[in-house]
Each structure stands twice: as C-alpha cells, then as structure tokens.
Amino acid sequence: MQNKKMKIIIFGLNNTGEKIYQKLKSKKKYKLLLILKKNVQIKKIKNFNPDFIFSLGYRKKIKQEILDFAKIGSFNIHKSLLPYHSGANPVFWTIFKNTKAGHTIHRMTNKIDAGNIIMQREVKYNFDDDAKKLYEKIERQQIKDFFIFLNNYSYYLKREKKNFFNKKFYKYKDDFKKFKIINYFTQNKYYKTINLLRALNFKPFHNINFKFKDKIYTLKIKWYLGFK
C-alpha cells in the first residue's frame, strides 16, 4: 500500500519560493496546489483539503478562513530574525541597522509576520557582504531549513514560541523607497552611509541614486576585501 501524499498549497512565488517549489515538484510524496492570483477560490482550497499552506512570496494578506483549512498549519518564510525587520525588505534593514541576520518560519495570522515562531536560524555575514550577497546566503539556508522543517514538523511544532511582534520593527515598502535617493551631505555619521550603500547594492537593481544640485546620478558599487 502506497503512502498517502502530503497535500500542500503554496501562495505566491518569489525567487526563493520558486526554488523551493521546483524542489517540491520533484518529490513524488507531495501533491501541490499553486495559487498566484489575488482572487482566491475558497471552495477550491477547501476541497483540496491541505495538510499545509505556505506563503512563499505572496504579496497579499491571506484570510484567516483560508489559513484554517490547513490540517497541520499555515506558515510563512521570512528573511529576518523576527520580530526584528518584519514587513518589506528585511535584508536591507538588517544591513542598514547592523543587526543579526537570519530567517524565520512562522505561523500565518491576520497580522503580517506576527504569528508564532516555529523555526529560526541565524546566518553569519561580514562587512563585505552587500544586500545581494546576504540575500543569497539567507536564501540557501531558507531552502535547506524549509525541507528540514517539512520532514520534522512534529518536532518543531512542539517547540513553537511566541513572536513578540512590535509595530516599531515593521517596515513598509515606502520606508525602503525613501532611501533610494541619497544626499550624502546630510548623512551625519560615516558608518550609516557605508551601511546604506551596502544595503542598497543589489544587482541588477539600480537602488543607489545620488542627488546633487537637483540632478540624480545612479551609482554602481563594487566591493573589495583588503588593500591593494
């Protein structure tokens, strides 16, 4: 007798989510339902009768009614050590605020990034890591830990802990956008400017724009370790 396939619904796919999804597809023990559209058919989700629901880059809040359909639970993956840097662009804020880096798997609730913490892992990074390098380091660990959690979910769910969500740590997209144009002459601390450059440097995006005398210049940064 064949083992019953685990049913997983996935909402949204960012870069990391796409890699996780492709790996899930290659394994016969999972039955997947991918939802990318904003208009969700609740009846379809209910009839699928999922064991898990995961958000892997979904841009909208998912209704609690939908989250409750998952028999084991509904979870999100996030590129910071919650409750710090909840919301948008967590890798940027990690570097800019010079805090510890890592990722979190947490329960989804009607508050974004506020659900109980199921699994966390710190990711070490160096001063020569810009946003792209740190993103990639966290992504590699996220993918690895996603499958560790999926294969050992009972162990981690027994160790579930409270997420001490604080709104002052939450960031919106507009909070990030205001840093994309830099006036260096108003920066009051040298290290803040350096951290800001590192946090914005994320090829192929042109996030570093230098405003001088009403003109905007795009900067490209290349980091070197050590001295020539």
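Residues that are surrounded by 11 or more Cβ atoms within 10 Å (Cβ to Cβ), within 21 Å of the chain's Cα centre (by Cα) and not hydroxyl-bearing (Ser, Thr, Tyr) within the range 37-58 comprise Phe52, Ile53, Phe54, Leu56, Gly57, listed in sequence order.
Yes/no per residue for (1) open to solvent by 40 Å² or more (accessible area, probe 1.4 Å); (2) at pLDDT below 85; (3) within 22 Å of Lys111 (Cα to Cα):
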position: Phe164; (1), (2), (3): yes, no, yes
position: Ile181; (1), (2), (3): yes, yes, no
position: Asn195; (1), (2), (3): no, yes, no
position: Asn209; (1), (2), (3): no, yes, no
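Evaluate the following for Lys137: is it among the basic types (Lys, Arg), under 28 Å from Leu67 (Cβ atoms), open to solvent by 40 Å² or more (accessible area, probe 1.4 Å) and outside any strand (DSSP E or B)?
Criteria not met by Lys137.
For a quick check of your reading of the model, give me the residue pairs whose first member lies in the range 10-24 and is farther than 18 Å from His103 by Cα, whose second is open to solvent by less than 10 Å² (accessible area, probe 1.4 Å) and assigned to a helix (DSSP H, G or I), with beta-carbon atoms closer than 8 Å and at least 6 apart or on different chains. What qualifies is Ile10/Gly17; Ile10/Leu24.
Restricting the range 147-162 to residues that are within 30 Å of Lys25 (Cβ to Cβ) and touching a strand residue (DSSP E or B) at 6+ places or on another chain (Cβ under 7 Å), the residue that is least open to solvent (accessible area, probe 1.4 Å) is Phe149. Pairs meeting the criteria (first residue in the range 54-66 and farther than 15 Å from Gln41 by Cα, second residue of a type outside the set (Gly, Ala, Ser) and open to solvent by less than 10 Å² (accessible area, probe 1.4 Å), beta carbons under 6 Å, at least 6 apart or on different chains) are Phe54/Ile10; Phe54/Phe75; Ser55/Phe11; Leu56/Ile10; Leu56/Ile20; Tyr58/Phe11. Can Ala114 be described as modelled with pLDDT of 95 or more, of a type outside the set (S, T, N, Q) and under 18 Å from Arg59 (Cα atoms)? Considered against the rule, which asks whether it is modelled with pLDDT of 95 or more, of a type outside the set (S, T, N, Q) and under 18 Å from Arg59 (Cα atoms), Ala114 comes out as yes.
For the range 197-206, name all the residues that are over 19 Å from Asn98 (Cα atoms) and either modelled with pLDDT under 70 or surrounded by 11 or more Cβ atoms within 10 Å (Cβ to Cβ) (or both). Once the filter is applied, which keeps residues that are over 19 Å from Asn98 (Cα atoms) and either modelled with pLDDT under 70 or surrounded by 11 or more Cβ atoms within 10 Å (Cβ to Cβ) (or both), the range 197-206 yields Lys203, Phe205, His206. Among the conditions (1) outside any strand (DSSP E or B); (2) open to solvent by 10 Å² or more (accessible area, probe 1.4 Å); (3) not acidic (Asp, Glu), Gln120 misses just one, which is (1).
The values are calculated or read from the model by the stated rules, or taken from the named source; none is laboratory data. Treat the numbers as computed from the prediction; the structure is a model and nothing was measured. Cβ atoms come from the backbone with ideal geometry, glycine included; neighbour counts cover every protein chain shown. Remember, those area values only see protein heavy atoms, side chains included, never the ligands or the DNA or RNA. Shrake-Rupley method; radii C 1.70, N 1.55, O 1.52, S 1.80 Å.
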